[in-house]
Amino acid sequence: MTVLIAGCGDLGTEAGLRYAAAGHRVVGWRRSPGRLPEQLEGRAVDLTGTLPEVPADTDTVVIATAAGERTEAAYRAAYVSATANLLDALERDGVSPRRILFVSSTAVYGDFGGGPVDEHSPAEPGTPTGRILREAERLLLERSPAALVLRLSGIYGPGRTRLIDSVSSGRAVLPAEPQWTNRIHRDDAAAAIVHLTTAVEAPAPVYLGTDEEPSDLADVLRFLAAELRLPAPPAGPTSTTRGGDKRCSSALLRSTGFGFTYPTYREGYRAVLAGEGVRHP
Ligand SMILES: NC(=O)c1ccc[n+]([C@@H]2O[C@H](COP(=O)([O-])OP(=O)(O)OC[C@H]3O[C@@H](n4cnc5c(N)ncnc54)[C@H](OP(=O)(O)O)[C@@H]3O)[C@@H](O)[C@H]2O)c1
């Protein structure tokens, strides 16, 4: 049985290594496959171009591309065109995977004024890039009965240290008003991809992938400063949260038996600060 990872970057590679460790053949498609680990069969593929033959025994497809830049054209290419093109290739080759999981983002939810968000909340993106992600989700869900969407909140993990760097460099500012943020450690995101595609018999069409504790940005910054043995950052003017102010719930994911290795930012950032894991290039 083959797992095809379309857009095999940091998250796709980590998921791929987990499928490989479970005994699956894993094929990773990306434009520059040279640095993929040996457990994965890399192949140079531009998902917006002519696609090679899909392995006939492909059981699972994971679409984990990312747009290289925050423009509508780059988002459309990486998410909508790549997904449509991949579905065309599956049809062309007569391959019907059991599961096709699209890695999406909680950016498809607009601003909820700090309110709760789950899979039943209206996905009405407040940004053009969020609307393009939503379009790619719809396209997949409408075209394939095997479709599954995993909406991840902010990914942090090995090498993904934007917030840590802002504290250690002294640039961080504690917002005066509460600012809810949602995040997931990369390894939990990868584990959720494998879990939903291999261990859940009748998955729902959409899951939120976010840890167990939406957190006020100021609490996270204070925690990081304490871990780094630095003074708490100074208070400053409130900036808007990029993902929109909301508290995302992963109760549905957890109801399928999924357990987080890093249930909150505290365990996750401690592991990152201890240098655990590597970012896949
Ligand atoms: N960053 C966050 O906080 C966050 C939050 C929520 C969701 N997500 C989602 O998480 C997913 C994966 O993120 P990541 O961190 O693993 O990103 P990443 O490391 O940048 O990996 C994305 C991969 O997609 C490949 N790719 C892009 N365009 C392609 C194309 N036209 N053809 C073939 N491959 C292509 C890139 O490889 P090549 O350049 O070699 O082609 C890259 O390796 C994305 O879907 C992103 O939207 C991220």
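The values are calculated or read from the model by the stated rules, or taken from the named source; none is laboratory data. None of the values given here were measured: they were computed from a predicted structure. Don't worry about glycine lacking a Cβ; one is built from the backbone with ideal geometry, like all the others, and counts go over all protein chains shown.
Structural remarks
- Residue check, A172 buried (at least 17 other Cβ atoms within 10 Å of the Cβ), of a type outside the set (S, T, Y), in contact (Cβ under 8 Å) with a residue 24 or more places away in the chain and more than 21 Å from C248 (Cα to Cα): yes
- Hits in segment 8-45 (condition: part of a loop (DSSP other than H, G, I, E, B), surrounded by fewer than 23 Cβ atoms within 10 Å (Cβ to Cβ), within 9 Å of the ligand (Cβ to nearest atom) and in contact (Cβ under 8 Å) with a residue 40 or more places away in the chain): G9
- Check on E137, free of Cβ contacts under 8 Å to residues at least 60 places away in the same chain and either among the charged types (D, E, K, R) or farther than 19 Å from A202 by Cα (or both): no
- Of the residues T161, T127, the single one that is among the hydroxyl-bearing types (S, T, Y), within 16 Å of the ligand (Cβ to nearest atom) and within 20 Å of Y79 (Cα to Cα) is T127.
- Tabulated pairs, segment 56-83, first at negative phi, second of a type in the set (D, E, K, R) and modelled with pLDDT of 95 or more, C-beta under 7 angstrom, 6+ apart or interchain: D59/R98; T60/R98; T60/R99; V80/E135
- Qualifying residue in segment 190-200 (condition: touching a Lys or Arg at 6+ places or on another chain (Cβ under 8 Å), within 17 Å of T106 (Cα to Cα) and either of a type in the set (G, A, S) or at pLDDT below 95 (or both)): yes
- Restricting attention to segment 55-101, the residues that are near the ligand (Cβ under 8 Å from one of its atoms) and closer than 19 Å to A204 by Cβ add up to 1.
- Lone qualifier among I155, I164 - being among the β-branched types (V, I, T), touching a residue at least 12 places away in the same chain (Cβ under 8 Å) and part of a strand (DSSP E or B): I155
- Residue check for S104: more than 14 Å from the ligand (Cβ to nearest atom) and either over 17 Å from T71 (Cβ atoms) or modelled with pLDDT under 95 (or both): no
- Counting only helices (runs of 4 or more DSSP H) that sit wholly inside segment 195-281, those with at least 3 residues that are among the charged types (D, E, K, R) are 217-227, 265-273.
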